[in-house]
1. Please go through the stretch 170-219 and write out the trypsin sites (Lys or Arg not before Pro) that DSSP classes as loop and that have at most 15 other C-beta atoms within 10 Å.
2. Name the residues whose placed amide hydrogens come within less than 5 Å of the amide hydrogen of V178, ignoring near sequence neighbours (fewer than 5 apart) on the same chain.
3. Modelled label-to-label distance, K72 and H236, 7 Å Cα→beta-carbon offset: nm?
4. With a ≥ b ≥ c the root eigenvalues of the C-alpha gyration tensor of the stretch 129-241, is it rounded (a/c under 1.5), prolate (a/b larger than b/c) or oblate?
5. Around L229, under 12 Å between beta carbons, what's the net of Lys plus Arg minus Asp minus Glu among the other residues?
6. Looking at the stretch 149-241, which chymotrypsin sites (Phe, Trp or Tyr not before Pro) are in a loop (DSSP not H, G, I, E or B) and have at most 11 other Cβ atoms within 10 Å?
7. May I ask you to work out the translational diffusion coefficient for the stretch 81-152 at 25 °C, viscosity 0.890 mPa s, via Stokes-Einstein with Rh from the Kirkwood sum over Cα pairs, reported in whole µm²/s?
8. Just the Cα atoms of the stretch 64-216, one point each, no solvent: what log10 I(q)/I(0) does Debye give at q = 0.12 Å⁻¹?
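Read-outs throughout are calculated quantities, based only on the coordinates presented, and are distinct from any laboratory measurement. All values derive from a computational prediction rather than experimental measurement. As a convention, Cβ positions derive from the backbone with ideal geometry for all residues, glycine included, and neighbour counts pool all protein chains shown.
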Amino acid sequence: MKRKLNWLSMLAFSFMLVGCAGNTDEKENTASSEVKGEAAKEHESQQEHDHDHEHQHESDEEQKEIYNGYFKDEQVQDRPLSDWAGDWQSVYPYLQDGTLDEVFEHKASQDSSKSFEEFKNYYEIGYKTTTDRIVIEDNFVTFYDHGHAHKGEYKYDGFEILTYEKGNRGVRFIFKHVGDEKGVPAYIQFSDHIIAPQKSGHYHIYWGDDREALLKEVTNWPTYYPSQLDGHEIAHEMIAH
């Protein structure tokens, strides 16, 4: 009887060992599958990262080309006045007090076609204005000239694509005065190196009462940056571009 019990005990113990071995193999297989799964996920994530990085690089290159004036007509889209909403200051006073000299020194170091003085004279003509501040809110534009505020309501009047002497191009986004306010221009035209809806970081602006004549103005382009920036911050932004 004891022999029979011993035999049964040994048989049961053998089944337990087989079961444990099976569980161990199963755990090892599961662990191996998990490792392979994690490796596959990591590889997939790296591929997505590489793709996103490549796409971003292409996008940056395209934006650089657009900024420099090289784009297709079909890329240009209408833009709302809200793209230029905010409180803006003229950069002309910073040219006059010498704050922007480092910008012209940088340009001269990068482009031997003009000296520091020549660059400064060029921008002296370009930036010149007596309107030291512009505030744009909703459909209204307020011009501050010699301490006097002139506010007018404006409506979008389309865009025009211009080709410059160098072969590059620019886009003027045009707004027409539609209110009965006095002392404001009939037309304003924005140019900011952007050709589709996007919040502007700075802009050149042209204003007057003759829409077509303004399109021919390419030497004087008063330039505005956010009013919260100081002169040195503006200079550094200019150098970065």
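1. K182, K199, K216
2. When sequence neighbours closer than 5 places are left aside, the close amide H contacts are E153, Y154, K155.
3. Label at K72, label at H236, 3.9 nm between them.
4. Since a/c reaches 1.5 but b/c is at least a/b, the shape of the stretch 129-241 is classed as oblate.
5. Neighbour charge sum, excluding L229 itself: -4.
6. Y164
7. 178 µm²/s
8. -0.58
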